[in-house]
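Q: Below you will find the structure I want to go over with you.
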Amino acid sequence: MEATIKAIHFDISDKLTAFVNKKIDKLCRRFDAITGAEINMRLIKPEAAMNKEAQIRLTVPPAADLFASKTADTFEEAIDLCIQALEPQLEKVKGRK
């Protein structure tokens, strides 16, 4: 499984990269149909509370790509919220097989 992480309007730290990779790997172990993941993290201007947005797009053939986008105070929280939103979508795809 290939995961691509993009940071928009900020420099991503190694700690945040490791956190994202850990979460995506855990998701891929639960749902082996995932073949790719694209993670975009964006710092929304102007700086205020709730200014960190995370978007995750999962490739799950033969279904259409699954997508979730969430905004939170931290990137870690936004990633967790995206994964929580993607899990029911993955369960639906898993149930169709």
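Q: Which of the residues belonging to region 60-79 are without any contact (Cβ under 8 Å) to a residue 60 or more places away in the chain and open to solvent by 50 Å² or more (accessible area, probe 1.4 Å)?
A: P61, P62, A64, D65, F67, K70, T71, D73, T74, E77
Q: Do you know which residues across region 2-32 are in a helix (DSSP H, G or I) and either in contact with an Asp or Glu (Cβ under 9 Å, 6 or more places away or on another chain) or farther than 17 Å from D80 by Cβ (or both)?
A: Matches in region 2-32: D14, L16, F19, V20, K23, L27, R30.
Q: Let me ask you something else. Looking only at residues that are under 10 Å from the mean Cα position of the chain (by Cα) and within 17 Å of N21 (Cα to Cα) in region 80-92, which one is most open to solvent (accessible area, probe 1.4 Å)?
A: Going through the qualifying residues, I end up with Q84.
Q: Somewhere in region 32-54, is a residue in contact with a Phe, Trp or Tyr (Cβ under 9 Å, 6 or more places away or on another chain), on the phi < 0 side of the Ramachandran plot and in contact (Cβ under 8 Å) with a residue 40 or more places away in the chain?
A: Looking through region 32-54, none of the residues is in contact with a Phe, Trp or Tyr (Cβ under 9 Å, 6 or more places away or on another chain), on the phi < 0 side of the Ramachandran plot and in contact (Cβ under 8 Å) with a residue 40 or more places away in the chain.
Q: While we're on this one: Against the condition touching a Lys or Arg at 6+ places or on another chain (Cβ under 9 Å) and not polar (S, T, N, Q), how does E47 come out, does it pass?
A: Spelling it out, it is not the case that E47 is touching a Lys or Arg at 6+ places or on another chain (Cβ under 9 Å) and not polar (S, T, N, Q).
Q: Just give me the residues in region 64-97 being outside any helix (DSSP H, G or I) and either within 20 Å of D25 (Cα to Cα) or of a type outside the set (G, A, S) (or both), in sequence order.
A: D65, L66, F67, A68, S69, K70, T71, D73, T74, K97
The values are calculated or read from the model by the stated rules, or taken from the named source; none is laboratory data. The model shown is predicted, which means the values in this text are computed figures rather than measured ones. Don't worry about glycine lacking a Cβ; one is built from the backbone with ideal geometry, like all the others, and counts go over all protein chains shown. Heads up: the accessible areas ignore ligands, DNA and RNA and are worked out on the full protein's heavy atoms, side chains in. Shrake-Rupley method; radii C 1.70, N 1.55, O 1.52, S 1.80 Å.
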